1. Condition first: out of contact with any Lys or Arg (no Cβ under 9 Å at 6 or more places or on another chain) and either among the aromatic types (Phe, Trp, Tyr) or within 16 Å of His87 (Cβ to Cβ) (or both). Now tell me which residues in segment 201-212 satisfy that.
2. Taking segment 1-24, which residues are open to solvent by less than 90 Å² (accessible area, probe 1.4 Å) and in contact with a Ser or Thr (Cβ under 9 Å, 6 or more places away or on another chain)?
3. Looking at Ile141, is it of a type in the set (Val, Ile, Thr) and under 19 Å from Lys24 (Cβ atoms)?
4. Can you find a residue that is open to solvent by 90 Å² or more (accessible area, probe 1.4 Å) and within 16 Å of the ligand (Cβ to nearest atom) anywhere in segment 80-102?
5. Since Leu176 meets every condition but one in (1) touching a residue at least 12 places away in the same chain (Cβ under 8 Å); (2) farther than 14 Å from Ile113 by Cα; (3) over 15 Å from the mean Cα position of the chain (by Cα), which condition does it not meet?
6. Can you name the number of the only condition in (1) open to solvent by 30 Å² or more (accessible area, probe 1.4 Å); (2) of a type outside the set (Ser, Thr, Tyr); (3) away from the ligand (no atom under 15 Å from the Cβ) that Leu157 fails?
7. Tyr35 fails exactly one of the following numbered conditions: (1) within 16 Å of the ligand (Cβ to nearest atom); (2) part of a helix (DSSP H, G or I); (3) not basic (Lys, Arg). What is the number of that condition?
8. Which condition does Ala21 not pass, out of (1) of a type in the set (Gly, Ala, Ser); (2) within 18 Å of the chain's Cα centre (by Cα); (3) outside any helix (DSSP H, G or I); (4) over 23 Å from Glu191 (Cβ atoms), if it passes all the others?
Amino acid sequence: MKNLNYLKLKKQLPENVNLLAVSKYTNSKNIQSLYDLGQQHFGESKVQEAQIKQYDLINNQKLKWHFIGKIQSNKITKIVNNFDYIHSVDSLKKLQKISKVAIELNKTPKIMIQIKLSDDPDKGGMYREDLLSNFDEIKLIKGIQLIGLMTMNPKGLSSKDNLNLFKQCRSLADSLLLKECSMGMSQDWKEAVEAGSTWIRLGSLIFGDRII
Ligand SMILES: *Cc1c(COP(=O)(O)O)cnc(C)c1O
């Protein structure tokens, strides 16, 4: 656990950039120690793994959980029940199901729609055209709070290509009047911040190598 890295990073970030600590790399104890330093937002990509930590950390009232993994339809009830933010909504159909469940559970999850800006087979997301053609319908969906877009760049791009893709995400969000852009990970967060990210999602840079 590299608390020093965390403190150094926090100092470098502009005020309008939120830091999501991606805790899929680590255990409840390390999450607690970061929370005690003031970190409130934690991201997990697997429901089952997250539930154990959420149970351990239930008394930390300001702790907010973000779901950043691939959404399986049969897990949506658990995701809506256990997470305050969902970054990885990659289809209209899933958004509609999230809405239905959220209304039933009387919750209002904050939603970011994942956007696919390049043809990377490893990365999910909605294509820009599909988002635009469905956006009137999306805006009317109840039970959710749509706050922004999320994107994940392919690995191994040059700094310039990363910056360019992040700028595309930012300008798409701006054109739809969405404030938040969840973009930037340990390898490319600087480019993301330069392009206007409001949520960077950092795992290995904060927690080091994965221990669980
Ligand atoms: C794991 C993960 C991260 C963090 O990755 P690092 O490169 O370790 O910072 C960010 N976003 C998503 C969606 C992830 O799955």
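The values are calculated or read from the model by the stated rules, or taken from the named source; none is laboratory data. Source: prediction; values computed, not measured. Cβ atoms come from the backbone with ideal geometry, glycine included; neighbour counts cover every protein chain shown. Heavy atoms of the whole protein, side chains included, go into the accessibility calculation; ligands, DNA and RNA do not. Shrake-Rupley method; radii C 1.70, N 1.55, O 1.52, S 1.80 Å.
1. Once the filter is applied, which keeps residues that are out of contact with any Lys or Arg (no Cβ under 9 Å at 6 or more places or on another chain) and either among the aromatic types (Phe, Trp, Tyr) or within 16 Å of His87 (Cβ to Cβ) (or both), segment 201-212 yields Arg201, Leu202.
2. Within segment 1-24, the first condition is being open to solvent by less than 90 Å² (accessible area, probe 1.4 Å), and the residues that meet it are 1, 3, 5-7, 9, 13-14, 17-24.
If the condition is that a residue be open to solvent by less than 90 Å² (accessible area, probe 1.4 Å) and in contact with a Ser or Thr (Cβ under 9 Å, 6 or more places away or on another chain), then Met1, Asn3, Val17, Asn18, Leu20, Val22, Lys24 are the ones that fit.
3. Criteria not met by Ile141.
4. No.
5. (2)
6. Unmet condition: (3).
7. The one condition Tyr35 does not meet is (1).
8. Only one criterion is unmet by Ala21, namely (4).
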